[in-house]
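The values are calculated or read from the model by the stated rules, or taken from the named source; none is laboratory data. As the structure is a prediction and not an experimental result, all values here were calculated from the model. Quick reminder, even Gly has a Cβ in these numbers, built from the backbone with ideal geometry, and neighbours come from all protein chains shown. Note: areas computed on protein heavy atoms with side chains; ligands, DNA, RNA excluded. Shrake-Rupley method; radii C 1.70, N 1.55, O 1.52, S 1.80 Å.
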Amino acid sequence: MPRAARGRGAGRFGAAPMDRVILLHGLWMRGFALRWLARRVRRAGYAVETFDYASVTRGFAPAVDALRARIRAAGEPVHLVGHSLGALVALEAARATSARADRRVVCLGPPFRGSAVARVLAARPAARWMLGRSADALVAGVDAWAGAHRVGVIAGSLPLGFGAALAALEAPHDGTVAVAETRLPGIADHRVVASSHTGLLLSSTVADLTVDFLRDGRFARDGSASAC
């Protein structure tokens, strides 16, 4: 057996040895929040790195620019996995990178249609600072997807989170982002799991689904799933 297949290269899911994955955290988080998910994806045979950015003090647009630079510096196509705001950063960065149909973007709890919680915070002068320079992106969301990358979305339906106390979220929701806010025209696949917003980063089910999509460009057909 080749050396790569005995070590990190093969993995439980048979990923290609050189496939690289960049993980992105959400608002108010830093890269260490991705350690558990990174370990699970790495165990599946991918070369994993995290992308740490200042979500509040620098904001959305600089993060997109920095991620594009990281992708260019990699010198090879990469997959992207983003949580919450990080999913928006990942999708926007992918719009401007080389078109590759075999590249994937996995988005965990992304407020693609704009966040009701963010709109409430942005409307309160005393609370808008919590969104920092990512406020506009979180309020507005992103445009429909028309790129070559296959995009998969995993949304949570366990309503545990302080966001539900701030805004009237449409059910089902994960305590911060409504499932309806995660749907976007042009994506390849969509899955709803019983998880809170933060719990998406710690869920074995989410980790397995993420690896499934990285490998196949779609989620397995069992469970709750829908294309958008």
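Key figures for this structure:
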read-out: Distance between modelled label sites at D208 and D65, nm, 7 Å Cα→Cβ extension; value: 4.3 nm
read-out: Region 31-79 shape via C-alpha gyration tensor axes, a/c threshold 1.5; value: oblate
read-out: Net lengthening on full extension, D102/L160 (0.36 nm per residue, minus Cα-Cα); value: 17.4 nm
read-out: Pairwise centroid distance, computed over Cα atoms, of region 151-189 with region 20-58, Å; value: 20 Å
read-out: Computed [θ] at 222 nm, deg cm²/dmol, the chain (DSSP H ≥ 4; -39,500 (n - 2.57); rounded to nearest 500); value: -8500 deg cm²/dmol
read-out: Trypsin sites (Lys or Arg not before Pro) lying in DSSP loop within region 67-129, provided at most 14 other Cβ fall within 10 Å; value: none
read-out: Diffusion coefficient, µm² s⁻¹, Stokes-Einstein with Kirkwood Rh over alpha-carbon pairs of region 130-228 at 25 °C and 0.890 mPa s; value: 172 µm²/s
read-out: Where region 33-169 is the region considered: accessible area per residue in Å², 1.4 Å probe; value: 42 Å²
read-out: Between helix 85-95 and the chain: long-axis angle, C-alpha atoms, 0 to 90°, nearest 10; value: 60 degrees
read-out: Stretchable slack from D143 to F32, in nm (0.36 nm times residue separation minus alpha-carbon distance); value: 37.0 nm
read-out: Carbon + sulfur, % of accessible area of region 128-228 - ligands and nucleic acids excluded, 1.4 Å; value: 55 percent
read-out: Listed peptides 161-169, 21-29 by packing density, highest first (mean Cβ within 10 Å); value: 21-29, 161-169
read-out: Cα-Cα pairs of the chain separated by more than 26 Å (percent); value: 31 percent
read-out: Degrees between helix 60-74 axis and first principal axis of the chain (Cα, 0 to 90, nearest 10); value: 10 degrees
read-out: For region 118-157, diffusion coefficient by Stokes-Einstein and Kirkwood Rh (Cα), 4 °C, 1.567 mPa s, µm²/s; value: 106 µm²/s
